[in-house]
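Below is one structure, written out as structure tokens; comments come after it.
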Amino acid sequence: MAEESLLNLLASNAAPRAEFAYIDDTGDPGRKEGSSTTFGLGCVLVPTDHWTSRLDLLTELRRDLKKRYGLLQTQEVKGEWISGVKKHFRDLGLGDGQLRDIYTSHLKATQVVSSGSFAVIIQKDKVMKRDLDIEEWAWKMLFQRLRLRSRATNAPIVVIHDNGSRNDAIRAHLRRFRRFDWVAGAAHDAPLLIEDASPRDSQQSYFVQLADLAAFSASRRITPAKGKRGNICHPGMWNELGSARLAEVSPRGDGIVAWP
């Protein structure tokens, strides 16, 4: 990428006029035996300015990974698949270091194409209320952070999430939230969040795939994997996002909202 184009991206990252919030989940919201320890949502904010240049940068990255490792540009990249060497990653015959490189390359690219990234991680074993809807609660916490973001930048945010079975519920939740949310005895609205959340097939969106990688690395930051599964996505992987991490969204100061 030309230096001038790179400077344009970085400038709009610092002062976005409008943003897309690409979101994907990791883990499952269930609380039965065999369910994941955590459920999380990863969010990658992408300014609308120079959007095509941002996509071009990710396309260049995928072309390079194809040359080096044989990963096709049409093959989806997900944190769980890389870490567990599942799906097409199993057939590539790569070592742990090469798989880590695929993961870290995406997170480092996020520093350029994104104006900020954060994650909400629910530690299900610590949730005392047994009938709490884990997934709905995670979305509520994510929307609250997007509201804070929109107030800080005065820039509207369009929510784009991975296509799934709860599309209608997410859309309805956002419509309610932007009009009314009760926090600490006070009512809040979020007029800069665009009303309709839009689902997108993650296989067709490099940006949604970045959100998945962010979500999974955040979950491993909170709950590290044991044994060989922790060799590829280790607890320090989240730090590869570097300057893209939105420290202001959580008391931890690292861009991860860990609850409770």
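The values are calculated or read from the model by the stated rules, or taken from the named source; none is laboratory data. Computed from a predicted model, the values in this text were never measured in an experiment. Because the Cβ atoms are built from the backbone with ideal geometry, glycine has one as well, and the counts that use them run over all protein chains shown. Heavy atoms of the whole protein, side chains included, go into the accessibility calculation; ligands, DNA and RNA do not. Shrake-Rupley method; radii C 1.70, N 1.55, O 1.52, S 1.80 Å.
Annotations
- Residues of the stretch 1-37 classified as touching a residue at least 24 places away in the same chain (Cβ under 8 Å) and assigned to a helix (DSSP H, G or I), total: 8
- Condition broken by Leu94, with the remaining ones in (1) in contact (Cβ under 8 Å) with a residue 24 or more places away in the chain; (2) within 25 Å of Ser243 (Cα to Cα) satisfied: (2)
- Residue ranges of helices (runs of 4 or more DSSP H) in the stretch 49-168 with at least 3 members under 30 Å from Asp196 (Cβ atoms): 51-69, 79-83, 96-113, 134-153
- Residue match in the stretch 233-245 (condition: within 30 Å of His88 (Cα to Cα), open to solvent by 10 Å² or more (accessible area, probe 1.4 Å) and hydrophobic (A, V, I, L, M, F, W, C)): no
- Residue in the stretch 88-101 that is closer than 20 Å to Ala215 by Cβ, buried (at least 16 other Cβ atoms within 10 Å of the Cβ) and within 14 Å of the chain's Cα centre (by Cα) present: no
- Subset of the stretch 165-186 (residues that are open to solvent by 40 Å² or more (accessible area, probe 1.4 Å) and either of a type in the set (Val, Ile, Thr) or touching a residue at least 60 places away in the same chain (Cβ under 8 Å) (or both)): Val183
- Applying a threshold of 6 Å to beta carbon distances and a minimum spacing of six or more residues, or different chains, the list of pairs starting in the stretch 114-128 at a residue that is without any contact (Cβ under 8 Å) to a residue 24 or more places away in the chain and ending at one that is surrounded by fewer than 24 Cβ atoms within 10 Å (Cβ to Cβ) and in a strand (DSSP E or B) is empty.
- The stretch 16-35: number of residues that are touching a strand residue (DSSP E or B) at 6+ places or on another chain (Cβ under 9 Å) and farther than 21 Å from Leu107 by Cβ: 6
- Selected residue (criterion: most open to solvent (accessible area, probe 1.4 Å)) from residues of the stretch 129-151 that are in contact (Cβ under 8 Å) with a residue 24 or more places away in the chain and farther than 17 Å from Asp25 by Cα: Arg130
- Scanning the stretch 199-209 for residues that are farther than 30 Å from Gln98 by Cβ and either within 19 Å of the chain's Cα centre (by Cα) or surrounded by fewer than 17 Cβ atoms within 10 Å (Cβ to Cβ) (or both) turns up at least one hit.
- Some residue of the stretch 82-96 being in contact with a Ser or Thr (Cβ under 8 Å, 6 or more places away or on another chain), at pLDDT 95 or above and not charged (D, E, K, R): no
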